[in-house]
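This report concerns only the one structure given below.
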Amino acid sequence: VQLQASGGGLVQAGGSLRLSCAASGRTFSSYVMGWFRQAPGKEREFVAAFSWNGGSTYYTDSVKGRFTISRDNAKNTVYLQMNSLKPEDTAVYHCAARASRAVVDVPGGYAYWGQGTLVTVSS
């Protein structure tokens, strides 16, 4: 699976961005898709994930109620809608794919990664 993330940019606190991750190479619908982020000097952390069949979504506590993950299997694309952005959301955001039905929230559980897209939230 090849992943291509896009949609990052500079936004003021309280603003919104939508990230996209286009997938190619394998049967997209059978993969767990996730978003992770890595801020400068920090470890990569889980943000959100979508189960392989699209039935369940998972979020880290700090983004619940603000971020929404979705997927369009027809377009082989997963999205991360980010609202009410805060300066602490500033990071490089990576999409990832996992060839399993089980959703996990650790980077090591995902074999496929996109190149990352930078999100900067100014105060």
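Listed values, structure above:
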| quantity | calculated |
| --- | --- |
| Among residues of the stretch 38-57, those that are at pLDDT 90 or above, assigned to a loop (DSSP other than H, G, I, E, B) and open to solvent by 50 Å² or more (accessible area, probe 1.4 Å), counted | 5 |
| Residue among Val78, Val92, Val119 that is in contact with a Lys or Arg (Cβ under 8 Å, 6 or more places away or on another chain), open to solvent by less than 40 Å² (accessible area, probe 1.4 Å) and modelled with pLDDT of 95 or more | Val119 |
| Qualifying residue in the stretch 7-30 (condition: exposed (fewer than 13 other Cβ atoms within 10 Å of the Cβ), charged (D, E, K, R) and not in a strand (DSSP E or B)) | no |
| Residues (within 14 Å of the chain's Cα centre (by Cα) and open to solvent by 40 Å² or more (accessible area, probe 1.4 Å)) located in the stretch 105-116 | Asp105, Val106, Pro107, Tyr112, Trp113, Gln115 |
| Number of positions in the stretch 46-68 that are more than 17 Å from Leu85 (Cα to Cα) and within 15 Å of the chain's Cα centre (by Cα) | 8 |
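The values are calculated or read from the model by the stated rules, or taken from the named source; none is laboratory data. In this text, all values refer to a predicted model and were calculated from it rather than measured experimentally. Ideal geometry is used to build each Cβ from the backbone, glycine not excepted, and the neighbour counts take in all protein chains shown. Each accessible area value is taken on the protein alone, full model and side chains, heavy atoms only, with ligands, DNA and RNA left out. Shrake-Rupley method; radii C 1.70, N 1.55, O 1.52, S 1.80 Å.
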